[in-house]
There are 4 protein chains.
Amino acid sequence: MSEKKPITLTDGVAPGGSRRSGLDVIRGMIDGGMTSTMATTMDCRVIEAESGKAVIRAVPNEGFLNLHGTVHGGWAATVLDTALGCAVVTTLDAGQGTATVELSTRFIRPIFPGSGPVLATGTVVNRGRRLVVAEGRIVSEKDGKLLAQATGTWTVLEAERG
Amino acid sequence: MSEKKPITLTDGVAPGGSRRSGLDVIRGMIDGGMTSTMATTMDCRVIEAESGKAVIRAVPNEGFLNLHGTVHGGWAATVLDTALGCAVVTTLDAGQGTATVELSTRFIRPIFPGSGPVLATGTVVNRGRRLVVAEGRIVSEKDGKLLAQATGTWTVLEAERG
Amino acid sequence: MSEKKPITLTDGVAPGGSRRSGLDVIRGMIDGGMTSTMATTMDCRVIEAESGKAVIRAVPNEGFLNLHGTVHGGWAATVLDTALGCAVVTTLDAGQGTATVELSTRFIRPIFPGSGPVLATGTVVNRGRRLVVAEGRIVSEKDGKLLAQATGTWTVLEAERG
Amino acid sequence: MSEKKPITLTDGVAPGGSRRSGLDVIRGMIDGGMTSTMATTMDCRVIEAESGKAVIRAVPNEGFLNLHGTVHGGWAATVLDTALGCAVVTTLDAGQGTATVELSTRFIRPIFPGSGPVLATGTVVNRGRRLVVAEGRIVSEKDGKLLAQATGTWTVLEAERG
């Protein structure tokens, strides 16, 4: 389903040898066009990043529909988890990784396969030593209308813990 | 990405002409093998349903990985949204539809592409006139280990509202 | 526990005869010092309001402690539910009421009885016809440190529905 | 507002010298009638506990009303946070403490001051090494009707971390 090899832990996002900070890793993804296989499957990619913030562009298509003919809530949840998760990664030191603890998503307007691209912005609300809270939203690229919103918690994994 | 035509509103899950109850629609999906395109993309399908409950079987694969090489949280969120949403649909009268208002997911153990199939059970906690609360969890088919948990709220849409 | 009579539905916040908008009701509370009994019990009150936004000031005390000697999470949840709920009320027309559907709270730093007053700001993220999404946070009045965060969903009740 | 001295960290629920397990501490509360000041303020107390589970009985009164004359959502959130939190405490070893990371509450039916006592049951869904997921619900003692539901995440604090 994807021709790109996934970036793995040992490539530097997480524990196991990276000498790059999380922000460097995300910037490398933007510049180098690298991505995860899920991002490819769901047609989303990081387009901007700074410390504590990331922007994702994603394009809904006919492969993401629910029974009602609208885009599945799981697609929006995936895009938001990606945006917020990337924002969290930008705050990691070299050698740290992260995992989503919980994600709470609110679906505000239906997304249609012909709605066109969306932009998802993730922002870190608080960077604790072990837990990070982030929030974000999806808007239509065309008219800026708010489509979905999410808030969640991430855990910081240290290299020695794997 | 999918060769199956999605079931749309007018096919009976929601407003617009169906004379079948939500439970009949879900049972038809189990018997007839019909599904949504998102379910095909994410490799999940309904395998059991009764009033207020639905069970989904889903298979993680290499196309669903995050940057860390584990299965993306968005895949688990999609599987749970599907399981809980199908449980909600089983409580709908003919002519009613539904949409997810909010979904809160907790990621308990990492899922790996080689972890094998998972089972997601959705259960309706309360069926109000306009709002429905449902909860559920994903366990490994192999050993029953708990992988993720979700609770959410759905709105009931009446035919005349579209 | 409280000497103030609660403002009830028939006083204008909700269905049943009010000719005042939600914003007027909240402004009346600020000017007139009216409040709910829960706000008195929990020592919190509205200090600012505009359309789609409300600010609450609350003072933690020795009556709100959990087993660990810090302020109970339920106090922060109450203050946030009040702040977000008041923000939602400011968007209501005369004759409309509201009720919390769900509230998701994140506890970021411990609050101590001697921490001093906190400010909770609630902001409406989206005002739908039947559902409203709002978010907000609690910060220390003294140093602005983020203490807790919440997002939630409210339903709009029409007078004729009670 | 309360005449009972709160049990503090050093009394054994959390880091700092206790040689009792969390379950012993909760059982001591049931037998000895000890409680936190917030539980007194909100009129709730633990009545049953076993490993991974706790039951709270709480009585709504006129001091807990919102602007609409019904019981404030913050009261239900407090009762649920207490029930789930006590369930989490029953899984702690001597010397461990806990704090709520996040709590997601759904308000299903309005609670009235004359509704009579409620029972809140908290159950641990998963006890990880550092994070615990718990869920629970509030029902009317009189007729068993479901009033509210919550799910949340707790962190395990070790004695040496304070």
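Observations
- Kirkwood-based shape ratio for the protein assembly as shown, expressed as Rg/Rh from alpha carbons: 0.95
- Each copy carries a label point for A:L146 at 7 Å from Cα toward Cβ; from one copy, the others' points are 1.7, 2.8, 3.3 nm away, ordered from shortest.
- Chain B: relative contact order as a whole-number percent, Cα under 8 Å and 6+ apart: 25 percent
- All Cα pairs of the stretch A:92-162, percent lying beyond 17 Å: 52 percent
- Pairs exceeding 28 Å between alpha-carbon atoms, taken from A:K145/C:K145; A:K53/C:K53; D:K53/D:K142; A:K53/C:K145; C:K53/C:K145; B:K53/D:K53: A:K145/C:K145.
- Summed residue charge, Cβ within 12 Å of B:V124's Cβ, Lys/Arg positive, Asp/Glu negative: 0
- Where only DSSP H runs of four or more residues are counted, chain A gives -6000 deg cm²/dmol as its mean residue ellipticity at 222 nm, each run worth -39500 (n - 2.57).
- In the stretch A:113-136, comparing the full protein assembly with the chain on its own, the residues that lose 30 Å² or more of accessible surface at a 1.4 Å probe are A:V125, A:N126, A:R130, A:L131, A:V133, A:E135.
- At R0 = 56 Å, FRET efficiency that the Cβ-Cβ distance of D:I47 and A:D31 yields, to 0.05: 0.40
- Here B:G128 yields copy-to-copy label distances, from shortest upward, of 1.2, 3.0, 3.1 nm, the label point defined as 7 Å from Cα along Cα to C-beta.
- Crossing angle, helix C:73-89 versus chain C [Cα axis fit, 0-90 degrees, rounded to tens]: 30 degrees
- Fraction of the pair-distance distribution of the stretch B:25-72 above 15 Å, Cα-Cα pairs, percent: 51 percent
- Quarter the surface of the alpha carbon convex hull of the stretch C:123-162 and you get the mean projected area, 3.7 square nanometres.
- 0 to 90° range, to nearest 10: angle between helix B:22-32 axis and chain B longest Cα axis: 50 degrees
- Excluding ligands, DNA and RNA, the accessible surface per residue across the protein assembly as shown is 37 Å² with a 1.4 Å probe.
- Gain on full stretching of the segment that runs from B:E158 to B:R129 - 0.36 nm per residue minus C-alpha separation: 9.4 nm
- Measuring only protein heavy atoms, the 1.4 Å probe finds D:K145 accessible over about 110 Å².
- Kirkwood's formula applied to the C-alpha pairs of the stretch C:41-149 gives a hydrodynamic radius of 14.1 angstrom.
- Qualifying GluC sites (Glu not before Pro) in the stretch D:127-162, where qualification requires a DSSP coil assignment and no more than 16 other C-beta atoms within 10 Å, comprise D:E141, D:E158.
- Whole-percent carbon and sulfur share, accessible surface of the stretch B:57-162, 1.4 Å: 52 percent
- Chain C contacts chain A over a buried accessible area of about 1200 Å², both sides summed; the probe is 1.4 Å and only protein chains count.
- Surrounding net charge for D:R27, when Lys and Arg each add one and Asp and Glu each subtract one, Cβ distance under 12 Å: -3
- Measuring max minus min along each principal axis, the C-alpha atoms of the stretch B:79-129 give extents of 41, 19, 16 Å (largest first).
- The mean sequence separation of alpha-carbon pairs under 8 Å and at least six residues apart, normalised by the residue count of the stretch A:32-71, gives a relative contact order of 28 percent.
- Placing a pseudo-label 7 Å from each Cα along the Cα-to-Cβ vector at D:D24 and A:E62 gives an inter-label distance of 6.7 nm.
- Each copy carries C:R19; placing its label point 7 Å along the C-beta direction from Cα gives inter-copy distances of 5.2, 7.4, 7.7 nm, listed from smallest up.
The values are calculated or read from the model by the stated rules, or taken from the named source; none is laboratory data. None of these values were measured; they are calculated from a predicted model. Ideal geometry is used to build each Cβ from the backbone, glycine not excepted, and the neighbour counts take in all protein chains shown. Just the protein is used for accessible areas: all its heavy atoms, side chains included, with ligands, DNA and RNA removed. Shrake-Rupley method; radii C 1.70, N 1.55, O 1.52, S 1.80 Å.
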